[in-house]
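Notes for the one structure printed next.
The values are calculated or read from the model by the stated rules, or taken from the named source; none is laboratory data. Predicted model, so just to flag it, every value in this text is computed and none were measured. We place every Cβ from the backbone using ideal geometry, glycine too, and count neighbours over all the protein chains shown. Remember, those area values only see protein heavy atoms, side chains included, never the ligands or the DNA or RNA. Shrake-Rupley method; radii C 1.70, N 1.55, O 1.52, S 1.80 Å.
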Amino acid sequence: KKIVSAVWVVFFLYSAITRRYALSPAPRSDRNERSRWRIPSLRGRTTSSNQTTISRADQSHRSLLAVPGIHLERTTYKLPHAIEHNLIDWETPPPADPAGGTKELPVFWHVLKSGGTTIKLMYAQCYHLVEACETGGLIDAELKQQQQQQQQQQQRHDSPSSVEVTGQPGGHPSPWDWLQEQQRKEAQQQLGANPDQRRRLEIMPPDENAHQEGKLRVVISEDGRKYVNVDTTTSEGIAKASQLGFASSNPADVMFTPLLIESAESLLHENSGRMFAVFRHPVDRVVSIFYYLQGATWEPTYNPEYARWTIDDYALSDYCESNWMVRSLIGKMTGPLKGGDFEIAKEVLRRKCLVGLMEGMDESVRRFHAYFRLGGDDALGCSREHFLSRGSGANSHSHPALDQKGETWAILAKKNGLDIRLYEYAQQLFDEQGKWLKKNK
């Protein structure tokens, strides 16, 4: 009887303990894990940090989330304010009546050495678009210099004392003319040592309004290329364009810039932009940048030390790029990057960017053509014939290939690990956007 009583006591105690735990709430971590799928949408709720809080849970209606192959966590992230509000989600349909509403400006995010120069020249020469890029600023400076030279020559011609120094016996230039020519050559070298840039500036016709300050205008080259007279590739140029009223007048058909956040904040607050870009493997891109900058004396980032360096020296130096794409998309060019920074960069691409790939340039250009509808079939044919054939890159140059199994490749890959992950994500988006565009064309 004692044994039976002890067994019953143990049984009742076990039953009571089991019922208590069964009726108790789950531990806090388990509750969070189960309930985080039911977080209400936070889309559009502004915070005091001048950023907008968004939730991936409220994006479930978007087609990309339903396509297998892209796994997006339902986690809340904050996009930079200018990107959230001034760049349109790429899946958003264009306005039914573009002429009667707000103009949407195609904004090409120029990831250097990824085919951007080819896209730039293609739209200028084949689509005959008015472009906002660095070329307009260069042409504007050249035109102003030409105007100043004409005024100086006119002043010398009108001045009686200038008659005696307009020339030298035997057809030799006067000291004044010789000095002016030297100054012109020096200015030309500063404006662009690239032969293509020099040729483009030299064929510009005189512009009687070139001397006018504080006015936006379109400058046209002899071969028909059209540019706004500002530089949207530098902070100084973007600030000048903003002061001149670029955002309100919006004189460009397409804008090119590597400074996405600055451009969106200063130039797109009155007219929204649609982002597109071409991506290349980050290590290949960094290697190409190094060999390009060894001789690109006209570039702002030129360093004379590069001419004496090897790619190994560059990889080990502080000048080597480190996750430039991720940093640019989140506006954090210095300091350590966190895991959330990478997720924000991914979200920017997923929501805002029509993705192109350098290794799939022909298909990328076809998508841009169909999406933006900036020209007819003749423009696309011109692009494929003159800019998409093998070896026709406008800014391409040959250089030694880097061994992908070597130590230098490993160093560059480590420095650009987040950019490599972002590039791989862009490859996934390229595939999924292709399916979406084919379905919704």
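Amide H to amide H, which residues 5 or more places from T232 or on other chains are under 5 Å from it, using H placed in the peptide plane?
Counting only residues 5 or more places away or on other chains, the set is C133, E134.
Whole Å is fine, so just give me how far the alpha carbon centre of the range 291-355 lies from that of the range 421-435.
20
Between N440 and S249, what length in nm is gained on full extension when 0.36 nm per residue of separation is reduced by their alpha carbon distance?
Values: separation 191, 0.36 × 191 = 68.76 nm, distance 3.19 nm.
Using 0.36 nm per residue and subtracting the Cα-Cα distance, I get 65.6 nm.
Rounded to whole Hz and in sequence order, give me ³J(HN,Hα) for the range 259-272 from the Karplus expression 6.51 cos²θ - 1.76 cosθ + 1.60, θ = phi - 60°, writing x for Gly and Pro.
So the J values, rounded to whole Hz, are 9, 5, 5, 4, 5, 5, 6, 9, 10, 10, 6, 10, 10, 6.
What distance in nm separates the two pseudo spin-label positions at I411 and E91, each 7 Å out from Cα along the beta-carbon direction?
Each label point is offset 7 Å from its Cα along the Cβ direction, giving 4.3 nm.
If you roll a 1.4 Å probe over the heavy atoms of the protein chains, what accessible area per residue do you get for the range 295-407, in Å²? Don't skip to the end; give the middle numbers.
Numbers: 6060 Å² over 113 residues.
Dividing the accessible area of the range 295-407 by its residue count gives 54 Å².
Around D403, what is the net charge, scoring Lys/Arg as +1 and Asp/Glu as -1 over all other residues with Cβ under 13 Å from its Cβ? Walk me through the intermediate numbers first.
Working: positive: K405; negative: D284, D312, E407.
Residues close to D403 contribute a combined charge of -2.
Give me the net charge of S242's neighbourhood, meaning all other residues with Cβ under 15 Å from the Cβ of S242; Lys, Arg count +1, Asp, Glu -1. Before the final figure, lay out each step's value.
Values: positive: K215, K240; negative: D231, E236, E262, E265, E270.
Taking every Cβ under 15 Å from that of S242, the sum is -3.
Lys and Arg at +1, Asp and Glu at -1: add these up for the other residues within a Cβ distance under 13 Å of T233 and post the number.
Working: positive: K120, K240; negative: E131, E134, D231, E236, E262, E299.
My count for the surroundings of T233 gives -4.
Could you name the lysines whose alpha carbon sits less than 20 Å from that of K435, not counting residues in the same chain fewer than 8 places away?
Counting by Cα, and skipping residues close in sequence, K435 has these lysines nearby: K346, K352.
In the range 308-441, what percent of the accessible surface is made up of carbon and sulfur (1.4 Å probe, ligands and nucleic acids excluded)?
Numbers: 3510 of 7120 Å².
Of all accessible area on the range 308-441, carbon and sulfur atoms account for 49 percent.
Quick one: grab the alpha carbon gyration tensor of the range 213-357, order the square roots of its eigenvalues as a ≥ b ≥ c, and give me rounded if a/c is under 1.5, else prolate or oblate depending on whether a/b is larger than b/c. Don't skip to the answer; put the middle values down first.
Values: a/c = 2.05, a/b = 1.32, b/c = 1.55.
Taking the square roots of the gyration eigenvalues as a ≥ b ≥ c, the range 213-357 is oblate.
Go through the range 107-116 residue by residue and turn each phi into a ³J(HN,Hα) via Karplus (6.51, -1.76, 1.60, θ = phi - 60°); whole Hz please, and just put x for glycine and proline.
Coupling constants for the range 107-116: 10, 8, 7, 8, 7, 4, 6, 10, x, x Hz.
On full extension of the chain, what length is gained from E343 through A370, given 0.36 nm per residue of separation minus the C-alpha to C-alpha distance? Could you put the intermediate results ahead of the total?
Values: separation 27, 0.36 × 27 = 9.72 nm, distance 2.91 nm.
Computed gain between E343 and A370 is 6.8 nm.
For a quick check: with amide H placed at 1.01 Å from N, whose amide H comes under 5 Å from N303's, ignoring anything fewer than 5 positions away on the same chain?
Long-range HN contacts for N303: none found.
So, by mean Cβ neighbours within 10 angstrom, what's the order for 353-363, 281-291 with the highest one leading?
On the way: 353-363: 19.5, 281-291: 21.8.
Top of the packing list down: 281-291, 353-363.
At 0.36 nm per residue, minus the direct Cα-Cα distance, what do Q149 and D378 gain on full extension? Give it in nm, one decimal, please. Show your work: numbers first, answer last.
On the way: separation 229, 0.36 × 229 = 82.44 nm, distance 4.06 nm.
Using 0.36 nm per residue and subtracting the Cα-Cα distance, I get 78.4 nm.
Test of understanding: extend the Cα→C-beta vector of S235 to 7 Å, then name every residue of the range 326-349 with backbone N under 20 Å from that spot.
326-337
What are the ³J(HN,Hα) values, in whole Hz, obtained from phi via the Karplus relation 6.51 cos²θ - 1.76 cosθ + 1.60 with θ = phi - 60°, for each residue of the range 307-314 in sequence order, with x given for Gly and Pro?
4, 9, 8, 9, 5, 5, 4, 5
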